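The values are calculated or read from the model by the stated rules, or taken from the named source; none is laboratory data. Note that the structure is predicted; figures quoted are calculated from it, not measured. In this analysis, Cβ positions are derived from the backbone assuming ideal geometry, glycine residues included, and neighbour counts consider all displayed protein chains. Keep in mind that these areas ignore ligands, DNA and RNA; they rest on the heavy atoms of the full protein, side chains included. Shrake-Rupley method; radii C 1.70, N 1.55, O 1.52, S 1.80 Å.
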Number of protein chains: 2
Amino acid sequence: MSRTEVLLVAGTHGNEINACWFLNQVFKKSELQEKYSFNISTVIGNPLAFEKGVRYIDRDLNRSFSSRLLSQFSQSREYEVKRAKELIDLYGSHSKKPCQIVLDFHSTTAAMGTCIVIYGRRSNDLALASLIQSRLGIPIYLHEGDDEQIGFLVEKWPCGLVVEIGPVAQGLLDYKIIRSTSTVLETCLDEIQKIKNGDFTFPMSLDIHKHLGSIDFPRDSDGNINGIVHPQIQGKDWIPITKGQALFINSNGEEKFFNFDNMPESVIPVFINEAAYLEKGIAMSFTTKEQLLFEKSWSEDFYELLA
Amino acid sequence: MSRTEVLLVAGTHGNEINACWFLNQVFKKSELQEKYSFNISTVIGNPLAFEKGVRYIDRDLNRSFSSRLLSQFSQSREYEVKRAKELIDLYGSHSKKPCQIVLDFHSTTAAMGTCIVIYGRRSNDLALASLIQSRLGIPIYLHEGDDEQIGFLVEKWPCGLVVEIGPVAQGLLDYKIIRSTSTVLETCLDEIQKIKNGDFTFPMSLDIHKHLGSIDFPRDSDGNINGIVHPQIQGKDWIPITKGQALFINSNGEEKFFNFDNMPESVIPVFINEAAYLEKGIAMSFTTKEQLLFEKSWSEDFYELLA
């Protein structure tokens, strides 16, 4: 087989520091890399924001990989647009070190545990995600059909998964988060190695949580948030809710309930009260669980990518 | 009695947003103020940082009230030094609206529950803190003898307490934190009103947690953190530890233990892994619990302040 390169990204959001610490202080110093027959590169996605301990400098780096923004990078004065272009120049298909697979490590203040996020239904992503799920049993959040959230880093590589781990405050090193980062990273690399070794055992199916939509906090006529996440749902990510579930509570104790015409009777909430989404007008997102039967084309495409 | 003015400050750190929300969305709109015979002003300590969702712009506002910095404010280019001077001009003793008491509301990522922080042993602070403790039973952290952490906001008013509530991530609205903010605020105001009404019942004693010192994370020769807070102590604020307690763990699983010559056999850790203290080189602080007998001069001074 030819050269396979895997890129590990941490600190795409500069204040999500656990994976940064893990890569710099543990992974790069360990002999773990020698276990694998493929090359592994590590990079801090947003080094300037990481240094300053903030999410980003000018704009969210993980919304800066849209074709529109990248085509205008030379005119852009925004640090993250330039950095997005730089990362593609360093590790993209036309670079000196083209990577086939990127794993982008994030943390969240929501009680998401460990999960994988994929963007759209690309064969390679589905193939790799299904291997990880078959090993760890973790949820796969399929983000699709959301025109307001685009330009994710992983979309610019042939295969790319986001790993989200929480809850943890921003800027805080947490033993449990680092342990989970370590576990999921090693599992990903082991599964890639398995394929490289010619073992093409894939699961029969893949459970995904399909993105249905997001909702904002209740706001007053001036746009100020006037209702907060209800204590009955705070921290209850991945637990199904049905119509009538209290979602928000305002200063008078008045509640807002789950009751939307464009949603099914029952949904599964995720990213409940993620601090960084306040500015995006997202209080939580809703998903529905589906089982996808494993398609032969997924493994064929993935094999071709790694061949 | 003459006019008493109480100043409520939230958002001294711009990303500690729960008290900001409570003051703006609940307190200012409620009829609670009418319950009291004294005037109450509310202010966002660091409005620019609050708007941007960051702790501060140029420097920590809550370390910007030192006499040295304030005397140089006209030459300073730092936003927070100018803002510190501005707050004193607006609410200090020589202002048009001099406030006798300031309550400064903070949140922390550490599992501190609700506590009061006082700086040094000022009679007025001890008197008011003892009243709150007698009502709510919450710990009082007495911060003194730390030359590296100076210039706190509350020190510039005759009576000033910091209220710290956690754990909560920065930039996240949390129902429980807001409830606790509400409880402690109303208790403070009720106790001040009691004094204004001529009820001078004070407790016989006050339990304080006296600051002993702080420790940094383990670091390598380049200054990088190479050990994180041990899971055995993470989230265990206020729980006494003795020599041999594991404090940190590094990437090889090696532990660092509580064993310092300048510390007593047993101490009580606080602010364990507060995200914002990473940059200050503080992984946790140690305290020792002491009982102070209530001194007559405390109530006399406090009476005189409010008379």
Requested in this report: Among the residues of the range A:40-58, write down those that are touching a Gly at 6+ places or on another chain (Cβ under 8 Å) and not in a loop (DSSP other than H, G, I, E, B).
Outcome: A:I44, A:P47, A:L48, A:A49, A:F50, A:E51, A:K52
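One residue is enough: does the range A:192-200 have a residue meeting the conditions out of contact with any strand residue (DSSP E or B) (no Cβ under 9 Å at 6 or more places or on another chain), within 14 Å of chain B (Cβ to nearest Cβ) and on the phi < 0 side of the Ramachandran plot? Even if it seems obvious, please write down each step before you answer.
Of all residues in the range A:192-200, those out of contact with any strand residue (DSSP E or B) (no Cβ under 9 Å at 6 or more places or on another chain) come to A:193-200.
Imposing the further condition that a residue be within 14 Å of chain B (Cβ to nearest Cβ) reduces the set to none.
No, the range A:192-200 contains no residue that is out of contact with any strand residue (DSSP E or B) (no Cβ under 9 Å at 6 or more places or on another chain), within 14 Å of chain B (Cβ to nearest Cβ) and on the phi < 0 side of the Ramachandran plot.
Test of understanding: among A:S37, A:S30, which residue is in contact (Cβ under 8 Å) with a residue 12 or more places away in the chain, closer than 30 Å to B:N252 by Cβ, outside any helix (DSSP H, G or I) and small (G, A, S)?
Numbers: A:S30 fails: in contact (Cβ under 8 Å) with a residue 12 or more places away in the chain.
The conditions single out A:S37.
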Report task. Say whether the condition of being in a loop (DSSP other than H, G, I, E, B), polar (S, T, N, Q) and buried (at least 18 other Cβ atoms within 10 Å of the Cβ) is met by at least one residue in the range B:240-250. Result -> yes
Report summary line: Of the candidates A:T181, A:T108, A:T114, the one satisfying the condition of being under 21 Å from A:K52 (Cβ atoms), modelled with pLDDT of 95 or more and among the β-branched types (V, I, T) is A:T108
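What about B:G137, is it among the small types (G, A, S) and free of Cβ contacts under 8 Å to residues at least 24 places away in the same chain? Break it down stepwise before answering.
Details: among the small types (G, A, S): yes; free of Cβ contacts under 8 Å to residues at least 24 places away in the same chain: yes.
Here the answer is yes, as B:G137 does meet what is asked.
For the range B:269-290, indicate whether the set of residues that are away from chain A (no Cβ under 14 Å), small (G, A, S) and not in a strand (DSSP E or B) is non-empty. It would help to see each step written out before you state the result.
At the first step, the residues of the range B:269-290 found to be away from chain A (no Cβ under 14 Å) are B:269-270, B:285-290.
If we keep only those that are small (G, A, S) too, we end up with B:285.
If we keep only those that are not in a strand (DSSP E or B) as well, we get none.
The answer is no; no qualifying residue exists.
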Query raised in the report: Only one of (1) at pLDDT 95 or above; (2) surrounded by 17 or more Cβ atoms within 10 Å (Cβ to Cβ) is not met by B:V54, so which one is it?
Result: (1)
Query raised in the report: Given the structure, is A:D216 of a type in the set (D, E), touching a residue at least 12 places away in the same chain (Cβ under 8 Å) and within 14 Å of chain B (Cβ to nearest Cβ)?
Result: yes
Requested in this report: Pull up the range B:251-265, narrow it to residues that are within 14 Å of chain A (Cβ to nearest Cβ) and part of a strand (DSSP E or B), then point me to the one that is most open to solvent (accessible area, probe 1.4 Å).
Outcome: B:K256
Query raised in the report: For the range B:266-276, which residues satisfy the criterion of being buried (at least 16 other Cβ atoms within 10 Å of the Cβ) and either touching a residue at least 40 places away in the same chain (Cβ under 8 Å) or over 30 Å from B:E16 (Cα atoms) (or both)?
Result: B:V267, B:I268, B:V270, B:F271, B:I272, B:N273, B:E274, B:A275, B:A276
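Residues are listed down the side, and each one gets a yes or a no for (1) without any contact (Cβ under 8 Å) to a residue 24 or more places away in the chain; (2) under 25 Å from A:L126 (Cα atoms); (3) touching a helix residue (DSSP H, G or I) at 6+ places or on another chain (Cβ under 7 Å); (4) open to solvent by 30 Å² or more (accessible area, probe 1.4 Å):
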position	(1), (2), (3), (4)
A:F65	no, yes, yes, no
A:S71	yes, no, no, yes
A:R77	yes, no, no, yes
A:V81	yes, no, yes, no
A:S93	no, yes, no, yes
A:L103	no, yes, yes, no
A:H106	no, yes, no, no
Query raised in the report: Among the residues of the range A:206-237, which ones are open to solvent by less than 50 Å² (accessible area, probe 1.4 Å), part of a loop (DSSP other than H, G, I, E, B) and within 28 Å of A:Q133 (Cβ to Cβ)?
Result: A:I233, A:G235, A:D237
Query raised in the report: Only one of these conditions is not met by B:K194: (1) under 30 Å from B:K28 (Cβ atoms); (2) free of Cβ contacts under 8 Å to residues at least 40 places away in the same chain; (3) not in a loop (DSSP other than H, G, I, E, B). Which number is it?
Result: (2)
